[in-house]
Amino acid sequence: MVFTSLAEGSPFAQADGGVTVIVRLTPNASANRIGPVAFDDNGDAALKVAVTEIPEDGKANRALIKLLAKSWGLPKTSISLKRGQTNRLKTLFIEDRAANERPGELYQRLTEEI
């Protein structure tokens with residue numbers, strides 16, 4: 001998988017066959033919610049996501065994928081956790097199953113939704 005650089009101020013990046021997204025996850029929250037984009041001291045962007053599940057046995061990670069898939073109208077199987085299994089800062093890969101027919105469409109749609 002080849003990553004391109006993140007667009008300035010965006011947690012999304014185009015990658016071979018899909019899109020990556022940097023997420024800052026808050027487990028055990030009072031409600032499930034997505035956004036806004038937050039920036040760390042270095043100016044790196046991450047999409048803030050909160051889930052009600054506890055961070056135990058991958059429950060919060062599964063809730064994260066389920067929430068994003070439902071919100072973005074994607075199958076859960078198209079979203080995979082690439083980095084940060086036990087960390088609040090995570091890198092997700094979203095497979096673009098239509099990349100050959102419509103390259104860049106998923107990236108554009110996701111960046112417009114946040």
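General observations
- The stretch between Ala69 and Asp40, if pulled fully straight at 0.36 nm per residue, gains 7.9 nm over its current Cα-Cα span.
- P(r) weight above 20 Å for the stretch 29-114, C-alpha pairs, percent: 36 percent
- Local charge for Ile22 was computed over the other residues whose Cβ lies under 12 Å away, with Lys and Arg +1 and Asp and Glu -1, and equals +4.
- Segment Glu112-Ser10, length gained on full extension (0.36 nm per residue, minus Cα span): 35.7 nm
- Here the dipole of the stretch 12-95 is about 260 debye; that uses its Cα centre as origin and unit charges on the Cβ of Lys and Arg (positive) and Asp and Glu (negative).
- Once exposed loop GluC sites (Glu not before Pro) are cut out (DSSP; at most 11 other Cβ, 10 Å), longest piece of the chain: 9-55
None of the figures in this text is laboratory data; all of them are computed from the coordinates on show. Predicted, not measured: the structure shown is a model, and the values here were computed from it. Every residue, glycine as well, gets a Cβ built from its backbone with ideal geometry; the counts of neighbours run over all protein chains shown.
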